[in-house]
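So the structure is just underneath, and the comments pick up after that.
Where a number appears in this text, it was derived from the coordinates with a stated rule and is not lab data. Just so you know, these numbers come straight off a predicted model, no measurement behind them. All Cβ positions, even for glycine, are placed from backbone atoms using ideal geometry, and neighbour counts span all protein chains on display.
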Amino acid sequence: MWKNIGIGILIILIIAAISFFFGAFDVFYTKTIGVQKENANREVFKQTQSYVEGMRSELIKLHHEYLTEKDSIAKISIENTVRWKFASFDEDKYLLDYKELRSWLKEIKSK
C-alpha cells in the first residue's frame, strides 16, 4: 500500500515538474523569440498598402486642417498630433509622389 502511495506521489511530482518546465520554456520563448516575431509582424504590417494608404489619408486630412485653421493654438495641437502619429512613419519612402506633404511633414517633425 505504501508503495502505491509513493508511486502516486512520484507521478504527481513528475507531472508538476514537466508542467513547470514547459511553462518556463513558454515564458522564455515569449520573452525572446516571441518578441522578435511580433516585431517582424509589425514591420511587415507597416509596409502593407492599407497601412500606408491609411497613414497617407490621415496626413492629408491633418495637412488640410492645418492650412485652413486660423487659430494658432489649434495649429500647435495639429502639429503635436502629427509628431505623435507620424513619429516612425518614413516619409521619404512612402510620400515620394507627395512633395508638398513630405516637406510639410519633415518641417513639423523637425520643430
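Grab the Cα-Cα distance for Gln49 and Val27, subtract it from 0.36 nm times how many residues apart they are, and report the gain in nm with one decimal. Before the final figure, lay out each step's value.
Details: separation 22, 0.36 × 22 = 7.92 nm, distance 3.37 nm.
Residue separation times 0.36 nm, minus the Cα-Cα distance, leaves 4.5 nm.
Putting +1 on Lys and Arg Cβ atoms and -1 on Asp and Glu Cβ atoms, find which of Ile33, Met1, Leu105 reaches farthest to the positive end of the dipole of the chain. So the residue we want is Met1.
The dipole here belongs to the stretch 49-110: it is taken about the Cα centre, uses +1 on the Cβ of Lys and Arg and -1 on the Cβ of Asp and Glu, and is about 100 debye. Within the chain, the selection of entire DSSP H helices by a Cα span of 15 Å or greater along the long axis and an average Kyte-Doolittle value of at least 0.5 returns 2-29. Note on the stretch 1-46: with charges restricted to the Cβ of Lys and Arg (+1) and Asp and Glu (-1), its dipole about the Cα centre is near 20 debye.
Think of the chain as a dipole: +1 on every Lys or Arg Cβ, -1 on every Asp or Glu Cβ, centred on the Cα centre; then among Leu59, Ala24, Leu96, Ala24 lies furthest on the positive end.
Computed over the stretch 49-110, the percent of Cα pairs more than 18 Å apart is 28. Under a Cβ-Cβ cut-off of 13 Å, what is the net charge of the residues other than Glu107 that fall near it, where Lys and Arg count +1 and Asp and Glu count -1? Counting the neighbours of Glu107, the net charge comes to +4.
For the chain, what percent of Cα pairs sit more than 18 Å apart? Before the final figure, lay out the partial values.
Numbers: 4049 of 6105 pairs.
Considering the chain, 66 percent of its Cα-Cα pairs are separated by more than 18 Å.
Charging the Cβ of each Asp and Glu at -1 and of each Lys and Arg at +1, and nothing else, the dipole of the stretch 13-91 about its Cα centre rounds to 120 debye. Of Glu69, Glu38, the sequence from fewest to most neighbouring Cβ atoms within 10 angstrom is Glu38, Glu69. From its DSSP helices (H runs of at least four residues, each -39,500 (n - 2.57)), the chain gives a residue-normalised ellipticity at 222 nm of -26500 deg cm²/dmol.
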